[in-house]
Amino acid sequence: QRCMNIAELHYQLGQMEHSQEFFMDALKQLLELDQTNIDDSISFHIHFATAKIMHSLGAIHARCGEYSEAFQWYDESMKRKRDIFGVVSDLPTAENSKTSSKNYSSASEGFHFEIGMTYNGLAALEIMKTNGNSPDWQKAMRLFKQAEKNYIYHYYNSSSNDTTFISSLASDAIRKMQ
């Protein structure tokens with residue numbers, strides 16, 4: 001946790017090299033810990049922290065203009081978050097898409113705030129990676145909408161105890177966005 005906090009501080013200060021160094025150290029520690037026989041409740045936290053670190057590494061590479069590396073980290077983060085939160089997906093694997101042409105919005109969707117964060121990162125990456133060409137605005141907007149759906153669902157489901165009522169409100173809001 002300490003490595004992650006220091007890494008985040010370096011990120012906020014714009015010190016990407018130091019941030020990446022601390023995130024990689026934390027990731028290495030988590031991956032080593034994951035290889036040991038640990039309790040399932042601890043395993044969840046390790047997997048979740050691993051996915052969050054991978055997302056952060058994607059953000060660092062994006063901020064440095066290293067778009068293919070950013071995509072790879074965001075892609076791995078998304079896969080892990082989907083696995084953690086039980087989201088069924090029909091996404092192609094990273095090996096099938098070296099150019100970040102995935103259509104994440106075609107997945108059979110479950111919603112979670114953390115998944116929304118990665119959609120948001122992928123959408124921003126889509127705009128940044130122009131290489132002198134015009135961004136694919138439609139793809140970026142689809143990704144931003146997926147992020148928004150995840151944020152809305154999370155907000156409505158975490159702000160009330162009446163989950164049936166809130167879930168129906170969130171579902172209605174999401175249907176209206178489509």
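The values are calculated or read from the model by the stated rules, or taken from the named source; none is laboratory data. Source: prediction; values computed, not measured. Because the Cβ atoms are built from the backbone with ideal geometry, glycine has one as well, and the counts that use them run over all protein chains shown. Each accessible area value is taken on the protein alone, full model and side chains, heavy atoms only, with ligands, DNA and RNA left out. Shrake-Rupley method; radii C 1.70, N 1.55, O 1.52, S 1.80 Å.
Sort out which residues of segment 73-94 are over 19 Å from Leu125 (Cα atoms), of a type outside the set (A, V, I, L, M, F, W, C) and modelled with pLDDT under 70, and write them in order of number.
Ser89, Asp90
For segment 15-54, name all the residues that are more than 21 Å from Lys79 (Cβ to Cβ) and either touching a Gly at 6+ places or on another chain (Cβ under 8 Å) or open to solvent by less than 40 Å² (accessible area, probe 1.4 Å) (or both).
Residues satisfying the conditions are Met16, Ser19.
Considering only residues that are open to solvent by less than 20 Å² (accessible area, probe 1.4 Å) and closer than 15 Å to Gln20 by Cα, which ones fall in segment 62-75?
Across segment 62-75, the qualifying residues are Ala62, Ala70, Tyr74.
Which ones in segment 125-146 are part of a loop (DSSP other than H, G, I, E, B) and either charged (D, E, K, R) or in contact with a Lys or Arg (Cβ under 6 Å, 6 or more places away or on another chain) (or both)?
Those that are part of a loop (DSSP other than H, G, I, E, B) and either charged (D, E, K, R) or in contact with a Lys or Arg (Cβ under 6 Å, 6 or more places away or on another chain) (or both): Lys129, Asp136.
Six or more apart or on different chains, Cβ under 7 Å: which pairs go from a residue in segment 133-159 that's open to solvent by 70 Å² or more (accessible area, probe 1.4 Å) to one that's at pLDDT 90 or above and not in a helix (DSSP H, G or I)? Could you list them?
As it stands, the answer is none, since no pair meets every condition given.
Taking the stated definitions as given, is Tyr67 at pLDDT 95 or above, closer than 21 Å to Lys139 by Cβ and among the hydroxyl-bearing types (Ser, Thr, Tyr)?
In short, no.
Restricting attention to segment 1-14, report how many residues are open to solvent by 70 Å² or more (accessible area, probe 1.4 Å), part of a helix (DSSP H, G or I) and farther than 11 Å from Ala59 by Cβ.
Selection size over segment 1-14: 4.
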